[in-house]
Every structure is written in structure tokens, then in C-alpha cells.
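Contents: one structure, followed by commentary.
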């Protein structure tokens, strides 16, 4: 079933909101649960496609193997089915007879070609936006589940992998994970849910680069009693949760013993509370700059093609990791990625290291053994979601360069290739533990946003930016921590 961006396919004969009037008023007005919904059942449906379709007012009792199940759904995947589904809207799904309703139900199936679902339960009218049951495994992208009791409900034994997702304004929790479930969410928004952003009863879960902000009284991530969950939260915005108090980002009951890795996140200006660092054991927390996970809720990521190179680096491309350094035994060990050794930028890596080593000799050195922590310098322009410019990535110990973007601006704006020396030197500065220098009257290697080549030429610095007094003072302070 394939619709168009202007045509909505709906099965409810009472629904006149789309496609013009289809019935007389004697048939009544549409309501949730008027019809069963769309079902994909078994491997025989694997070749099916559902695209550009609205599913409205569905949710009558669902049948599997001719037996009614204890849930209804507007969109059902059952018994090892794997169709292609994208750009589908599921609205106003509910059911009577005491059945728990779902916008989307995955039952004993492992679909992995699902994207672009928009679902809304309109204030909890639908129990679950997305429900996984009976060993289901789901890989889903660019989809949002809002306005239900629970946005995502992962039952025990199920696996959910979500990227570029959204779970907002649900009356209970954005994500509700039972013991024995596995939820991984990346670049997703879990915000403004009434009770908690994420409620974890056990299992193993991973949240990377997520917006976990503004959730209610139970906090951003809530661990109820008798809980042995293992949860990793990194690269995320974890701030402003806890209702009116706004201070419960991680809510850990004294009866629980979860294992939590939440070292690298944005915690707000004041960082995590004393109760969180004590009870959760995240004493080694680090405050990262706030990020924008995705564009599902009207916030668009900056594109390097939309702005000049300098502006892009200034606004997003150069990340400040404050005083956290990547030293190992007093040295910063680096290597160029094996696939990049012949690329044009590689010849500027050594001059970039020499800039810092000229002030403190021998600190940055090329790795000669795998026994040490190694910083890899790598072109990631062909990988998914590359940075708009350059990025120091604490999760992979990489200096990531979007060389496709840099090469475009080198050509369009008449920058020399040697400009890459300054970019790499800046990122090495972050690895040394230096943040951004904010003195706008100084031209520094660690300035937040590098100078243009035209500015450098006017300053007679066409061979690059030298270390300024700010750069040297910052390095001196960082050096004491090695």
C-alpha cells in the first residue's frame, strides 16, 4: 500500500478529515477503535511495502493465530514478519473491552526496515505508542511516539534499537523498560514526559547523544526499587528533570543497585547534584557542551554547506572538552588512520604536532606500540552523520575530520590545504586538555572558530597561527594535571 505525500489512505469509512466526505452523517463520527488496523503477519508479508499512509481511528482487538491477544494496535507486526514501512502516521488508536492499546505493536517479530513513523496518542488515549512483546526485536529510525501513557514499552526479552527517535509528552514515561529488555537509543529526544523520561526496571540499556530534558517528578532516568539494571548514558543532555524542582536527572532508589556509566554528558552549568554523584557513583563526571540530537522537533542541525567554514567551526565543529586530557604516561600518542596515510591532509599532521612540541618538546608523539592509549586522526566524511567540520570524540579517542566539507570550502573560499594544519593543531589542543580561548582581542590556536586565510594573510601569518600567550598559559595549566 503506497500513498502520496498529499493523499492519505484510511480505512475508517466515518473519517471525513482526509480525502473529502465519504459518508452521510447518519453513520456517526469516527472514534478510536472503529476498525482493527493494518497487520503484517508472518514471512509471507516480507515483500510488502507501506509508505506515505495515515492510519487513523484503528485499534479494535487484534488477532494472532485466530486468537485475540491482550492488546490492540493501529499497526501490527507479528510472527517473524519484516515488511518495508516508512513515512506512516498512526493517530487516535485505542480499544475498548479493557484491552491495552498500542499505536504500533511488534509481537514475536524482528522488523528492521521501519522508519519515519509519526504516532500520537493525544493525551494518553493510547496506552503504548510502541510496544515490543514476546521476544520482539526492532530496529527503527526517524520516528516519534508522543502523547501516550508510555512512548516505548519494551517487555522482558525484547530488543529495541532506536536512532533519531522521539518520545515526548507521554503521561507516564517516554521509555519504559522491563527487566530483561535491551534498549539502545541514539540521537533521540526524550522530553517533557509527565512522570519520567526513561523508567528502567532492569535489563541493559544504552543512551547516546540524546536529549533527556524537562521530564516530570520521577526524573530524567528513574530506577524503581529492586533494580539491577546496567545503563550507559553518554554524550547526552541530562538536565532540567524532576518537575518543579528540576534537579532529579538520575533518580535512584536506595533499594536499588544499578550499574550506571554517565561520565560524559551535559549536566547544566552546575553539573550533577551531590546526591546523584554519591548514590549513582559518577564522581568522574565531565560536562560537555549541549548538543542538538536531531530535527524531529523543529531543531535543525547545522550543515557546513549552509554557512562559511569559519562560522561552522565557531558554532559547532570545534568541541571544548574543558580540562579533560587524553594523555597516557605523560605523552599524547597519535596515529593517522591506516586508510588515510596517503590523503592530502596527512602531511599537515606533523607540522600541527610540531607547533605544540616547539613549546613543550616531545609531549605529542607518533604511536609506536599498541600498549598505550592512541589518538587516531581520521577522515569520517563517508561515515553516517559526520561532524560539520572537526571533532574530538571522547568515546572513540578519535580526531574526526569531515574532509569532504573541508575540501569543499578550501575550493570555494580559496583556502590553502595548509589550513588543515591549524584545524588539526586546534583539535590536538583539546586532546591536551585545553578549552577554547575566549579573548576576542587575541588570535589563538584555541580560538573558538579559526581565522580565515584572508585574515591570516593580512597579519602576515599565511603559514598558519602561532601559539599565542593564551594558548601557552592554557597549556601550562593543563600540563600540571598530567
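Observations, loosely collected:
- One residue stands out among those in region 419-444 that are assigned to a loop (DSSP other than H, G, I, E, B), out of contact with any strand residue (DSSP E or B) (no Cβ under 8 Å at 6 or more places or on another chain) and under 16 Å from residue 392 (Cβ atoms): the one that is modelled with the lowest pLDDT, which is 435.
- Of the candidates 237, 209, the single residue that is touching a residue at least 40 places away in the same chain (Cβ under 8 Å), buried (at least 17 other Cβ atoms within 10 Å of the Cβ), in the same structural domain as residue 178 (by TED's automatic domain parsing) and farther than 17 Å from residue 276 by Cβ is 209.
- Test for residue 184: is it surrounded by fewer than 24 Cβ atoms within 10 Å (Cβ to Cβ), outside any loop (DSSP other than H, G, I, E, B) and at pLDDT 90 or above: yes
- Failed condition for residue 297, given (1) at pLDDT below 90; (2) under 27 Å from residue 163 (Cα atoms); (3) surrounded by 17 or more Cβ atoms within 10 Å (Cβ to Cβ): (3)
- Matching entry among 179, 112, 139 (being part of a strand (DSSP E or B) and either surrounded by 22 or more Cβ atoms within 10 Å (Cβ to Cβ) or at negative phi (or both)): 139
- Check on residue 272, at pLDDT below 90, buried (at least 17 other Cβ atoms within 10 Å of the Cβ) and either closer than 20 Å to residue 159 by Cβ or out of contact with any strand residue (DSSP E or B) (no Cβ under 8 Å at 6 or more places or on another chain) (or both): no
- The condition (being in a loop (DSSP other than H, G, I, E, B), touching a residue at least 60 places away in the same chain (Cβ under 8 Å) and either surrounded by fewer than 24 Cβ atoms within 10 Å (Cβ to Cβ) or assigned by TED's automatic domain parsing to the domain that holds residue 258 (or both)) is satisfied by just one residue among 171, 126: 126.
- Within the set 66, 52, the sole residue that is modelled with pLDDT under 90 and out of contact with any strand residue (DSSP E or B) (no Cβ under 9 Å at 6 or more places or on another chain) turns out to be 66.
- Residue 357 vs. criteria closer than 19 Å to residue 466 by Cα, surrounded by 13 or more Cβ atoms within 10 Å (Cβ to Cβ), out of contact with any helix residue (DSSP H, G or I) (no Cβ under 8 Å at 6 or more places or on another chain) and assigned by TED's automatic domain parsing to the domain that holds residue 326: yes
The values are calculated or read from the model by the stated rules, or taken from the named source; none is laboratory data. Keep in mind it's a predicted model, so treat the numbers as computed, not measured. Reconstructed Cβ throughout: ideal geometry from the backbone, glycine too, with neighbour counts over all protein chains shown.
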